[in-house]
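The structure under discussion appears below in the form of structure tokens.
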Amino acid sequence: MQGGEHESTWRIEGVKVELYYTTPEEWGAELLAYSSKKGSGIGLRMVAKKLGFKLNQHGLFKGKKRAAGKTEKDIPPKWQRSHCRSDRDRAGGSIWLV
């Protein structure tokens, strides 16, 4: 068994098992960080950074303030809403990232 304060890793019958410990506020971000494909996780972090956010396993942050992280679904929409060009675009379902 390996690990630290926030994770444990062990092998059961040759299968690697990883257990991550988190809080309810970080659940979605942790799930997104460790269950998405590596490329998509990196891509999301790059988009977040370009738009002035920081995305990691603890949540989505704008400066030091947590903007999202409780669920996976609330992370991308949080920066999309903040960068819509107008209320009309938002109401029509179009998302414009700037």
* Counting every Cα pair in region 12-54, what percent are over 11 Å apart? -> 72 percent
* Structure fact -> Non-local residues with an amide H under 5 Å from the amide H of Gly69, with H modelled 1.01 Å from N and Pro and chain starts lacking one, are Leu60
* Which of Lys16/Lys64; Lys37/Lys70; Lys37/Lys65; Lys16/Lys50; Lys16/Lys73 have a Cα-Cα distance over 31 Å? -> Lys16/Lys64; Lys16/Lys50
* Taking θ as phi - 60°, what are the ³J(HN,Hα) couplings along region 72-77 by the Karplus curve (6.51, -1.76, 1.60), each to the nearest whole Hz, with x for Gly and Pro? -> 5, 5, 7, 6, x, x
* What FRET efficiency do you get for His6 and Lys62 if R0 is 22 Å and r is their Cβ-Cβ distance, rounded to the nearest 0.05? -> 0.40
* Asked: Any idea how far apart Lys16 and Lys37 come out in nm if each label point goes 7 Å out from Cα toward Cβ?
  -> 1.8 nm
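Read-outs: derived from the displayed coordinates by stated rules, not from any lab. Computed from a predicted structure; not experimentally measured. Reconstructed Cβ throughout: ideal geometry from the backbone, glycine too, with neighbour counts over all protein chains shown.
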